[in-house]
Amino acid sequence: MDSHFLGLTAIVTLGYQLTFFIITALFRFDKVTDFAGGTNFIILAILTLVLKGSWHFRQVVLSSFVVIWGLRLGLFLLMRILQWGEDRRFDDKRDNLGKLAIFWILQAIWVWTVSLPVTVVNASDKQPSVQAQDIIGWIMWIIGILVEITADQQKLAFKNSPENRGKWCSVGLWKYSRHPNYFGEILLWWGVFLASTPVLVGAEWLVVFGPVFITLLLLFVSGIPLLEAPGDKKFGNVAAYRSYKRKTSPLILLPPGLYGSLPQWFKTILLFEFPLYSRNLPQEELSWNRQNQQGSSRTDPKMS
(Lines give C-alpha, C1' and ligand atoms only; values in the text may rest on other atoms or scores of the structure.)
Protein backbone atom coordinates (compact mmCIF):
# COMPACT_ATOMS: atom_id res chain seq x y z
CA MET A 1 0.00 0.00 0.00
CA ASP A 2 2.91 2.36 0.70
CA SER A 3 5.00 1.47 -2.34
CA HIS A 4 6.86 4.79 -2.26
CA PHE A 5 7.51 4.68 1.51
CA LEU A 6 5.79 8.07 1.88
CA GLY A 7 3.60 7.03 4.79
CA LEU A 8 6.40 5.15 6.52
CA THR A 9 8.86 8.03 6.26
CA ALA A 10 6.19 10.46 7.50
CA ILE A 11 5.49 8.32 10.58
CA VAL A 12 9.19 7.83 11.34
CA THR A 13 9.88 11.54 10.94
CA LEU A 14 7.00 12.63 13.16
CA GLY A 15 7.98 10.11 15.83
CA TYR A 16 11.64 11.11 15.75
CA GLN A 17 10.94 14.83 15.90
CA LEU A 18 8.30 14.32 18.60
CA THR A 19 10.88 12.57 20.76
CA PHE A 20 13.27 15.51 20.57
CA PHE A 21 10.42 17.98 21.06
CA ILE A 22 9.54 16.26 24.34
CA ILE A 23 13.20 16.36 25.44
CA THR A 24 13.41 20.06 24.57
CA ALA A 25 10.13 20.93 26.30
CA LEU A 26 10.79 18.95 29.49
CA PHE A 27 14.45 19.76 30.01
CA ARG A 28 14.63 23.14 28.20
CA PHE A 29 17.55 21.67 26.26
CA ASP A 30 17.53 23.04 22.72
CA LYS A 31 21.10 22.19 21.72
CA VAL A 32 20.01 19.02 19.90
CA THR A 33 17.66 20.73 17.45
CA ASP A 34 19.90 20.75 14.36
CA PHE A 35 21.32 17.35 15.28
CA ALA A 36 17.77 15.96 15.30
CA GLY A 37 17.15 17.42 11.86
CA GLY A 38 20.34 16.18 10.23
CA THR A 39 20.17 12.68 11.67
CA ASN A 40 16.52 12.33 10.65
CA PHE A 41 17.58 12.67 7.00
CA ILE A 42 20.12 9.89 7.55
CA ILE A 43 17.53 7.60 9.10
CA LEU A 44 15.11 8.03 6.20
CA ALA A 45 17.78 7.46 3.55
CA ILE A 46 19.17 4.30 5.16
CA LEU A 47 15.74 2.94 6.13
CA THR A 48 14.28 3.21 2.61
CA LEU A 49 17.46 1.88 1.01
CA VAL A 50 17.52 -1.20 3.25
CA LEU A 51 13.78 -1.90 3.08
CA LYS A 52 13.77 -1.88 -0.71
CA GLY A 53 16.90 -4.00 -0.78
CA SER A 54 17.68 -3.59 -4.49
CA TRP A 55 20.91 -1.67 -3.81
CA HIS A 56 21.04 -0.09 -7.25
CA PHE A 57 24.05 2.16 -7.86
CA ARG A 58 21.89 5.30 -8.09
CA GLN A 59 20.15 4.48 -4.82
CA VAL A 60 23.44 3.86 -3.02
CA VAL A 61 25.02 7.07 -4.34
CA LEU A 62 22.12 9.35 -3.43
CA SER A 63 21.63 7.70 -0.05
CA SER A 64 25.35 8.10 0.65
CA PHE A 65 25.13 11.76 -0.30
CA VAL A 66 22.36 12.29 2.23
CA VAL A 67 24.24 10.40 4.96
CA ILE A 68 27.42 12.41 4.35
CA TRP A 69 25.51 15.69 4.30
CA GLY A 70 23.47 14.85 7.40
CA LEU A 71 26.43 13.69 9.47
CA ARG A 72 28.56 16.66 8.51
CA LEU A 73 25.91 19.32 9.07
CA GLY A 74 24.39 17.74 12.16
CA LEU A 75 27.72 17.32 13.95
CA PHE A 76 28.98 20.73 12.83
CA LEU A 77 25.91 22.54 14.14
CA LEU A 78 25.86 20.49 17.34
CA MET A 79 29.51 21.27 18.11
CA ARG A 80 28.94 24.93 17.27
CA ILE A 81 25.95 25.35 19.54
CA LEU A 82 27.73 23.51 22.38
CA GLN A 83 30.59 25.97 21.96
CA TRP A 84 28.45 29.10 21.64
CA GLY A 85 25.85 28.22 24.28
CA GLU A 86 22.10 28.70 23.88
CA ASP A 87 20.40 28.74 20.49
CA ARG A 88 19.04 32.29 20.08
CA ARG A 89 16.30 31.01 17.78
CA PHE A 90 14.57 29.66 20.90
CA ASP A 91 14.73 32.82 23.00
CA ASP A 92 11.01 33.44 22.39
CA LYS A 93 10.02 29.77 22.39
CA ARG A 94 11.45 28.15 25.53
CA ASP A 95 8.56 29.34 27.69
CA ASN A 96 5.95 29.09 24.95
CA LEU A 97 4.96 25.49 24.30
CA GLY A 98 2.84 26.44 21.29
CA LYS A 99 5.67 28.23 19.47
CA LEU A 100 8.04 25.41 20.36
CA ALA A 101 5.64 22.81 18.95
CA ILE A 102 5.22 24.79 15.72
CA PHE A 103 9.00 24.88 15.27
CA TRP A 104 9.30 21.10 15.61
CA ILE A 105 6.33 20.49 13.31
CA LEU A 106 7.96 22.68 10.66
CA GLN A 107 11.23 20.81 11.12
CA ALA A 108 9.43 17.50 10.55
CA ILE A 109 7.85 18.89 7.37
CA TRP A 110 11.28 20.14 6.23
CA VAL A 111 12.91 16.73 6.71
CA TRP A 112 10.15 14.72 5.04
CA THR A 113 9.69 17.09 2.09
CA VAL A 114 13.36 17.64 1.25
CA SER A 115 13.98 13.88 1.52
CA LEU A 116 11.33 13.12 -1.13
CA PRO A 117 13.68 12.65 -4.13
CA VAL A 118 15.84 10.10 -2.31
CA THR A 119 12.82 8.39 -0.76
CA VAL A 120 11.19 7.87 -4.16
CA VAL A 121 14.44 6.77 -5.83
CA ASN A 122 15.03 4.18 -3.12
CA ALA A 123 11.45 2.90 -3.48
CA SER A 124 11.46 2.76 -7.29
CA ASP A 125 11.57 -0.43 -9.34
CA LYS A 126 12.60 1.59 -12.39
CA GLN A 127 16.40 1.87 -12.29
CA PRO A 128 17.89 2.68 -15.71
CA SER A 129 21.63 2.85 -16.21
CA VAL A 130 23.51 6.01 -15.27
CA GLN A 131 22.30 8.97 -17.31
CA ALA A 132 23.68 12.46 -17.98
CA GLN A 133 21.28 13.80 -15.34
CA ASP A 134 22.91 11.57 -12.74
CA ILE A 135 26.41 12.81 -13.48
CA ILE A 136 25.40 16.48 -13.59
CA GLY A 137 23.41 16.06 -10.38
CA TRP A 138 26.35 14.40 -8.64
CA ILE A 139 28.67 17.22 -9.73
CA MET A 140 26.18 19.78 -8.42
CA TRP A 141 26.04 17.95 -5.08
CA ILE A 142 29.83 17.77 -4.79
CA ILE A 143 30.25 21.47 -5.59
CA GLY A 144 27.39 22.36 -3.24
CA ILE A 145 28.69 20.48 -0.23
CA LEU A 146 32.24 21.74 -0.76
CA VAL A 147 30.94 25.31 -0.87
CA GLU A 148 28.81 24.73 2.23
CA ILE A 149 31.64 23.13 4.22
CA THR A 150 34.16 25.79 3.19
CA ALA A 151 31.78 28.65 4.01
CA ASP A 152 30.85 27.17 7.40
CA GLN A 153 34.48 26.65 8.39
CA GLN A 154 35.52 30.11 7.21
CA LYS A 155 32.78 31.80 9.20
CA LEU A 156 33.44 29.68 12.29
CA ALA A 157 37.14 30.59 12.18
CA PHE A 158 36.23 34.24 11.68
CA LYS A 159 33.83 34.25 14.63
CA ASN A 160 36.31 32.46 16.89
CA SER A 161 39.01 35.08 16.30
CA PRO A 162 38.93 37.72 19.07
CA GLU A 163 40.10 40.41 16.66
CA ASN A 164 36.93 39.96 14.61
CA ARG A 165 34.47 40.63 17.41
CA GLY A 166 31.90 43.18 16.36
CA LYS A 167 32.62 42.64 12.66
CA TRP A 168 30.69 40.99 9.84
CA CYS A 169 32.25 38.11 7.94
CA SER A 170 33.53 39.14 4.50
CA VAL A 171 36.46 36.78 4.03
CA GLY A 172 36.89 33.80 1.72
CA LEU A 173 33.65 32.81 0.03
CA TRP A 174 31.84 35.45 2.09
CA LYS A 175 33.52 38.05 -0.11
CA TYR A 176 31.54 36.75 -3.09
CA SER A 177 28.24 35.96 -1.39
CA ARG A 178 26.57 37.16 1.79
CA HIS A 179 25.29 33.60 2.35
CA PRO A 180 27.55 31.14 0.49
CA ASN A 181 26.60 28.29 2.82
CA TYR A 182 22.98 28.62 1.74
CA PHE A 183 24.04 28.70 -1.90
CA GLY A 184 25.84 25.39 -1.36
CA GLU A 185 22.84 23.95 0.46
CA ILE A 186 20.40 24.84 -2.29
CA LEU A 187 22.76 23.67 -5.03
CA LEU A 188 23.35 20.23 -3.52
CA TRP A 189 19.63 19.50 -3.04
CA TRP A 190 18.85 20.52 -6.61
CA GLY A 191 21.66 18.16 -7.58
CA VAL A 192 20.01 15.33 -5.67
CA PHE A 193 16.72 16.05 -7.43
CA LEU A 194 18.34 16.16 -10.87
CA ALA A 195 20.04 12.81 -10.23
CA SER A 196 16.66 11.33 -9.26
CA THR A 197 14.90 12.31 -12.50
CA PRO A 198 15.87 9.23 -14.58
CA VAL A 199 13.55 7.10 -12.44
CA LEU A 200 10.63 9.50 -12.10
CA VAL A 201 7.32 8.81 -13.84
CA GLY A 202 3.94 10.52 -13.59
CA ALA A 203 3.12 11.94 -10.17
CA GLU A 204 6.60 11.03 -8.90
CA TRP A 205 7.79 14.30 -10.46
CA LEU A 206 6.12 16.04 -7.52
CA VAL A 207 9.29 15.28 -5.56
CA VAL A 208 10.51 18.56 -7.08
CA PHE A 209 8.79 20.09 -4.05
CA GLY A 210 11.86 18.92 -2.08
CA PRO A 211 14.39 21.34 -3.59
CA VAL A 212 11.70 23.98 -4.13
CA PHE A 213 10.84 23.81 -0.42
CA ILE A 214 14.44 24.24 0.78
CA THR A 215 14.98 27.06 -1.71
CA LEU A 216 11.90 28.99 -0.58
CA LEU A 217 12.68 28.28 3.07
CA LEU A 218 16.18 29.74 2.84
CA LEU A 219 15.19 32.67 0.63
CA PHE A 220 12.09 33.81 2.49
CA VAL A 221 11.73 32.22 5.93
CA SER A 222 14.45 30.83 8.18
CA GLY A 223 17.53 31.53 6.07
CA ILE A 224 18.58 34.82 4.55
CA PRO A 225 15.87 37.09 6.07
CA LEU A 226 16.62 35.77 9.55
CA LEU A 227 20.31 36.66 9.26
CA GLU A 228 20.09 39.87 7.25
CA ALA A 229 17.88 41.60 9.83
CA PRO A 230 20.28 41.57 12.82
CA GLY A 231 23.22 42.48 10.58
CA ASP A 232 21.38 45.49 9.18
CA LYS A 233 20.33 46.62 12.64
CA LYS A 234 23.84 46.27 14.02
CA PHE A 235 25.92 47.59 11.11
CA GLY A 236 23.39 49.55 9.06
CA ASN A 237 25.00 52.89 9.92
CA VAL A 238 28.50 51.68 8.98
CA ALA A 239 29.47 52.86 5.50
CA ALA A 240 31.74 49.86 4.87
CA TYR A 241 28.91 47.45 5.67
CA ARG A 242 26.49 49.25 3.37
CA SER A 243 29.11 49.10 0.63
CA TYR A 244 29.64 45.38 1.26
CA LYS A 245 25.93 44.75 1.04
CA ARG A 246 25.53 46.73 -2.20
CA LYS A 247 28.46 44.98 -3.87
CA THR A 248 27.97 41.44 -2.59
CA SER A 249 25.42 38.98 -3.94
CA PRO A 250 22.96 37.66 -1.34
CA LEU A 251 23.28 34.06 -2.55
CA ILE A 252 25.07 33.18 -5.81
CA LEU A 253 28.86 33.50 -5.76
CA LEU A 254 29.81 36.50 -7.92
CA PRO A 255 32.75 38.93 -8.04
CA PRO A 256 31.86 42.09 -6.05
CA GLY A 257 32.91 44.35 -8.92
CA LEU A 258 30.51 42.63 -11.28
CA TYR A 259 27.61 42.42 -8.84
CA GLY A 260 27.98 46.03 -7.71
CA SER A 261 27.75 47.27 -11.29
CA LEU A 262 24.52 45.46 -12.12
CA PRO A 263 21.21 47.37 -12.20
CA GLN A 264 18.89 46.83 -9.26
CA TRP A 265 16.11 45.29 -11.35
CA PHE A 266 18.52 42.64 -12.62
CA LYS A 267 19.66 41.84 -9.07
CA THR A 268 16.08 41.53 -7.86
CA ILE A 269 14.72 39.41 -10.71
CA LEU A 270 17.66 37.09 -11.41
CA LEU A 271 19.95 37.21 -8.35
CA PHE A 272 17.45 37.13 -5.46
CA GLU A 273 18.20 40.61 -4.06
CA PHE A 274 14.72 41.04 -2.64
CA PRO A 275 13.60 44.21 -0.81
CA LEU A 276 12.87 42.31 2.41
CA TYR A 277 16.63 41.78 2.82
CA SER A 278 17.08 45.54 3.33
CA ARG A 279 13.97 46.50 5.26
CA ASN A 280 15.98 46.88 8.48
CA LEU A 281 18.54 49.26 7.01
CA PRO A 282 18.40 52.91 8.15
CA GLN A 283 15.96 55.00 6.12
CA GLU A 284 18.68 57.04 4.46
CA GLU A 285 20.24 53.86 3.08
CA LEU A 286 16.89 52.69 1.72
CA SER A 287 16.47 56.05 0.02
CA TRP A 288 19.93 55.70 -1.53
CA ASN A 289 18.98 52.26 -2.84
CA ARG A 290 15.79 53.58 -4.44
CA GLN A 291 17.68 56.42 -6.07
CA ASN A 292 20.30 53.97 -7.32
CA GLN A 293 17.60 51.71 -8.73
CA GLN A 294 16.00 54.63 -10.56
CA GLY A 295 19.36 55.76 -11.89
CA SER A 296 20.20 52.26 -13.10
CA SER A 297 16.92 52.06 -15.01
CA ARG A 298 17.62 55.13 -17.11
CA THR A 299 18.89 54.10 -20.47
CA ASP A 300 18.35 57.38 -22.39
CA PRO A 301 21.07 59.96 -21.64
CA LYS A 302 18.69 62.76 -22.66
CA MET A 303 16.48 61.89 -19.71
CA SER A 304 19.25 62.24 -17.15
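The values are calculated or read from the model by the stated rules, or taken from the named source; none is laboratory data. The structure presented is a predicted model; accordingly, all values stated were derived computationally and were not measured. All Cβ positions, even for glycine, are placed from backbone atoms using ideal geometry, and neighbour counts span all protein chains on display. The protein model used for the area step is the full one, side chains on, heavy atoms only, and it has no ligands, DNA or RNA in it. Shrake-Rupley method; radii C 1.70, N 1.55, O 1.52, S 1.80 Å.
Normalised per residue, the accessible area of the chain is 50 Å², obtained with a 1.4 Å probe and no contribution from ligands, DNA or RNA. Over 28 Å apart at the Cα level, from the set 99/267; 175/234; 31/175; 31/245; 99/247, are 99/267; 31/175; 31/245; 99/247. Taking 1.306 mPa s as the viscosity and 10 °C as the temperature, the Stokes-Einstein diffusion coefficient of the chain based on its alpha-carbon Kirkwood radius rounds to 75 µm²/s.
Compute the FRET efficiency between residue 271 and residue 237 as 1/(1 + (r/R0)^6), taking r as their Cβ-Cβ distance and R0 = 25 Å, and round to the nearest 0.05. Numbers along the way, then the final one.
On the way: r = 25 Å, r/R0 = 1.01.
So, using R0 = 25 Å, E works out to roughly 0.50.
The portion of the accessible surface of the chain made up by carbon and sulfur, rounded to a whole percent, is 67 (1.4 Å probe; DNA, RNA and ligands excluded). Residue-wise HN-Hα couplings along region 151-163, as the Karplus relation 6.51 cos²θ - 1.76 cosθ + 1.60 with θ = phi - 60° gives them from phi, are 4, 4, 5, 5, 5, 4, 5, 4, 5, 7, 7, x, 5 Hz; Gly and Pro carry x. Considering only 196, 124, 63, the Gaussian network model of the chain with Cα springs below 10 Å gives its largest mean-square fluctuation to 124.
Here the label points at residue 160 and residue 135, each 7 Å from Cα along the C-beta direction, are separated by 3.9 nm in the simple model. For the pair residue 206 and residue 252, label points projected 7 Å from Cα toward Cβ lie 3.1 nm apart.
Each Lys and Arg adds +1 at its Cβ and each Asp and Glu adds -1 at its Cβ; summed about the Cα centre, the chain shows a dipole of about 920 debye.
Cross-link partners for residue 126 among the lysines, with Cα-Cα distance under 21 Å and sequence neighbours closer than 8 places in the same chain left out: 52.
Over the chain, DSSP H runs of length four or greater, each weighted -39,500 (n - 2.57), average out per residue to a 222 nm ellipticity of -22000 deg cm²/dmol.
These residues, 205, 141, 190, go from largest to smallest accessible area, 1.4 Å probe, as 205, 190, 141.
Based on the Cβ-Cβ distance from residue 2 to residue 153, what FRET efficiency comes out when R0 is 41 Å, to the nearest 0.05? Mind dumping the intermediate values first?
Values: r = 40 Å, r/R0 = 0.97.
For R0 = 41 Å, the calculated efficiency reads 0.55.
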